[in-house]
Amino acid sequence: MSTIEISQQDQYYIFQLLSAILHIGNIRFTGDAPARVSTPDELQWAAHLLELDTPILEKSITHRTITSGSARHTVMNVPQNPDQSGGIRDALAKTLHERVFDYLVAKINQALGRGGGGGGGGFNGNSSFGGSQPSYDNDGGYDSPSIPPRGSTGPQRGRGGPPPGRGNPRGGPAPRGGPSQRGGPPPGRGGPAPRGNPRGGPGGPPRGRGGPPPRGGGSMGGRGGGMSQSDKKSIGVLDIYGFEIFQANGFEQFCINYVNERLQQVFIDLTLRQEQKEYQDEGMKWKDIKYFDNKIVCDLIEGTNPPGVFRLLDDTCRTVHSLDSFTCDTKFMEKIYKGLQSHEHLVLTGPMQFTIKHYAGDVSYDVNEFCFKNNDSLYTSVVMCMQASSNNFYAGLFPEDVANEKQSPKTSGQKIRESAGMLMKKLSVCEPHYVRCIKPNSKKAAMSFDTGLVEHQVKYLGLLENVRVKRAGYAYRHYFHVFMNRFAPLMDQPGSNDGNGCQQFVDFVCRKYATGQFPIQREEFGVGKTKIFVKSPETIFYLEELLMQKLDPEGYKLKVREFKESEIRAKRAQGSVGLKQGCQIL
């Protein structure tokens, strides 16, 4: 982290935050609403590390703040049962991890020269997030919240204070409102405080400045609303994880497989649908090649009319309150039985299980904890709690304007759909090229080829249809003027840069090079309304070779000589290479 110019103090805060996340995950609840914390030590540790008042943190995860829609905007604190409090706890832990991860991504982008422009995910360079210097104490260390020694039952109730009677072994700042205890400098001394922190305690960015974007904000250094010149010249790599089909598939596998369905839809659109449409628009002779369009599966998952699985799940999470996770999941399955039972790509395989016929195969999903995992419980009370932290680094991770926030938090399903939509939008302005990876066997063994497994992958990836379209279509296509500007010098009397000129070019090369080493046939070319098409890449290579012979004969002879010499070297080296072990074909 020092390499990407994160200050020592901010590094300490990051590790302290990760420790707080672990303690948050250990908080347990019992009783009825309002739930009671059965692990107070873990709660105190979490509050201590986040530099929060313990009662405030406890209330934020055991109560949900609701603002009425009336003119008065009445604020109510609704008690939560243990299951609901567990959801709020998990939402807080996940959000803390997500936002510190976004912070690191933004710092990496800054270090690589990308800055934060484009997607709204940049950080203010004038704050601690932009690489300000840490605040050091008299002992040469950085200011940090006091950490109780091992063996203590937990920190004192309050902000960052040591346990009762144990003092402060690290010499850090004392709790707010009291003097330092053992070895700690008084507040405001021991080194200059970072900008935005009037006290002498832990530094960080000013509250509400420099933090990661709000949940659902733009990507780090992305395109945002439009494409900049640097984006137009950029090359991106998208590594698709692939389908997940396990013995037991839950909400996580459902989301991953949904994204894969959307990516497959883009692949179909770019390689099959658009290419065939281009031939039709150009007036070429073309017989459509049938293929499986997975749009029907995407509509089953995310559709609005009729509502898809995600919509039914969100509706269940909005309308069912104060119920345990199992009851919510049961209500969700009742909606699926009622609304999607007759869908051709969905099969109800059990009282709490359904199967979707994905393009990659049938996948059965167990709806256990679907509602619990979909319902993001990062309520306003949790955001306000974190904004109340005395550590401005942590408060800056939550820059939301909760005073004007009237909507409920987005569900996990909504976030997945929005993220997938943003990804599809970015892919739509790119010119993608695909590398399809085929798994030869399921044993991760070398030199083993499972024919059935490979055939299944080739079939569901749509590669057979893609090969048919490519073989029946044209490998090269370009606008008339671009093609003629390149190859017109081959003609004795170049024609115009339109369709007539391209037709004259085709007649000329087919007549002049009808015989020889590589005879050019008229079937190799197709002249459309705005473009000329060439069927095989060998024809283009041969035209390039003829062009070089005419424009640079000496250079062409040198290239031929270099090629022959490289072939001689390759044949000599071939004798010294032993044969590889034979591949086992199953």
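The values are calculated or read from the model by the stated rules, or taken from the named source; none is laboratory data. Since the structure is predicted, the reported quantities are computational estimates derived from the model, not experimental observations. Don't worry about glycine lacking a Cβ; one is built from the backbone with ideal geometry, like all the others, and counts go over all protein chains shown.
Observations on the model:
- Filter result for Ser408 (among the small types (Gly, Ala, Ser) and within 22 Å of Asp315 (Cβ to Cβ)): yes
- The requirement of being at pLDDT 85 or above and under 23 Å from Cys298 (Cβ atoms) is fulfilled nowhere in region 378-385; no residue meets it.
- Residues that are of a type in the set (A, V, I, L, M) and under 30 Å from Gln457 (Cβ atoms) were ranked within region 217-250; the one that is modelled with the lowest pLDDT is Ile240.
- Only a single item in (1) among the β-branched types (Val, Ile, Thr); (2) surrounded by fewer than 20 Cβ atoms within 10 Å (Cβ to Cβ); (3) touching a residue at least 60 places away in the same chain (Cβ under 8 Å); (4) within 16 Å of Arg262 (Cα to Cα) is not met by Ile289, and it is number (4).
- Just so you know, in region 415-452 the residues that are within 23 Å of Phe267 (Cα to Cα) and polar (S, T, N, Q) include one that is nearest to the chain's Cα centre (by Cα), and it is Ser419.
- Checking region 536-555 against the condition returns no match, with no residue being in contact with a Ser or Thr (Cβ under 6 Å, 6 or more places away or on another chain), within 30 Å of Asp288 (Cα to Cα) and surrounded by 13 or more Cβ atoms within 10 Å (Cβ to Cβ).
- Among the residues of region 427-444, the one identified as assigned to a helix (DSSP H, G or I) and at pLDDT 85 or above is Leu427.
- Hits in region 445-461 - residues which are more than 21 Å from Val237 (Cα to Cα) and in a loop (DSSP other than H, G, I, E, B): Ala445, Ala446, Met447, Asp450
- Of the candidates Met447, Met424, the single residue that is more than 28 Å from Lys287 (Cα to Cα), at pLDDT 85 or above and out of contact with any Leu (no Cβ under 9 Å at 6 or more places or on another chain) is Met447.
- Verdict on Met384 being of a type outside the set (Asp, Glu) and not assigned by TED's automatic domain parsing to the domain that holds Ile301: yes
- Of Asp269, Asp315, all but one fail to be in contact with a strand residue (DSSP E or B) (Cβ under 9 Å, 6 or more places away or on another chain) and acidic (Asp, Glu); the exception is Asp315.
- Residue ID - surrounded by the fewest Cβ atoms within 10 Å (Cβ to Cβ), chosen from residues in region 239-262 that are part of a loop (DSSP other than H, G, I, E, B) and over 17 Å from the mean Cα position of the chain (by Cα): Gln247
Conditions (1) small (Gly, Ala, Ser); (2) more than 22 Å from Gly361 (Cα to Cα), marked per residue:
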residue: Phe449; (1), (2): no, no
residue: Val454; (1), (2): no, no
residue: Leu464; (1), (2): no, no
residue: Lys470; (1), (2): no, yes
residue: Ala475; (1), (2): yes, yes
residue: Val482; (1), (2): no, yes
residue: Asn485; (1), (2): no, yes
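- Criterion: surrounded by 15 or more Cβ atoms within 10 Å (Cβ to Cβ), touching a Lys or Arg at 6+ places or on another chain (Cβ under 9 Å) and touching a residue at least 12 places away in the same chain (Cβ under 8 Å) - qualifying residue of Gln265, Gln276: Gln265
- Screening the candidates Arg417, Arg436 for the property of being without any contact (Cβ under 8 Å) to a residue 60 or more places away in the chain and touching a helix residue (DSSP H, G or I) at 6+ places or on another chain (Cβ under 8 Å) yields one hit, Arg436.
- Single residue of region 1-51 satisfying the filter (buried (at least 16 other Cβ atoms within 10 Å of the Cβ) and in a strand (DSSP E or B)) that is nearest to the chain's Cα centre (by Cα): Phe29
- Matching residues in region 505-543 - criterion: being farther than 17 Å from His481 by Cα and under 44 Å from the mean Cα position of the chain (by Cα): Glu524, Lys535, Ser536, Pro537, Glu538, Thr539, Phe541, Tyr542
- Residue within region 558-568 that is in contact with a strand residue (DSSP E or B) (Cβ under 9 Å, 6 or more places away or on another chain), small (Gly, Ala, Ser) and either farther than 28 Å from Arg471 by Cβ or modelled with pLDDT of 90 or more (or both) present: no
- Scanning region 483-510 for residues being of a type in the set (A, V, I, L, M) and farther than 19 Å from Ser536 by Cβ gives a total of 3.
- Restricting attention to region 307-333 and to residues that are assigned to a loop (DSSP other than H, G, I, E, B) and either among the small types (Gly, Ala, Ser) or in contact with a helix residue (DSSP H, G or I) (Cβ under 6 Å, 6 or more places away or on another chain) (or both), the residue that is nearest to Tyr359 (Cα to Cα) turns out to be Gly308.
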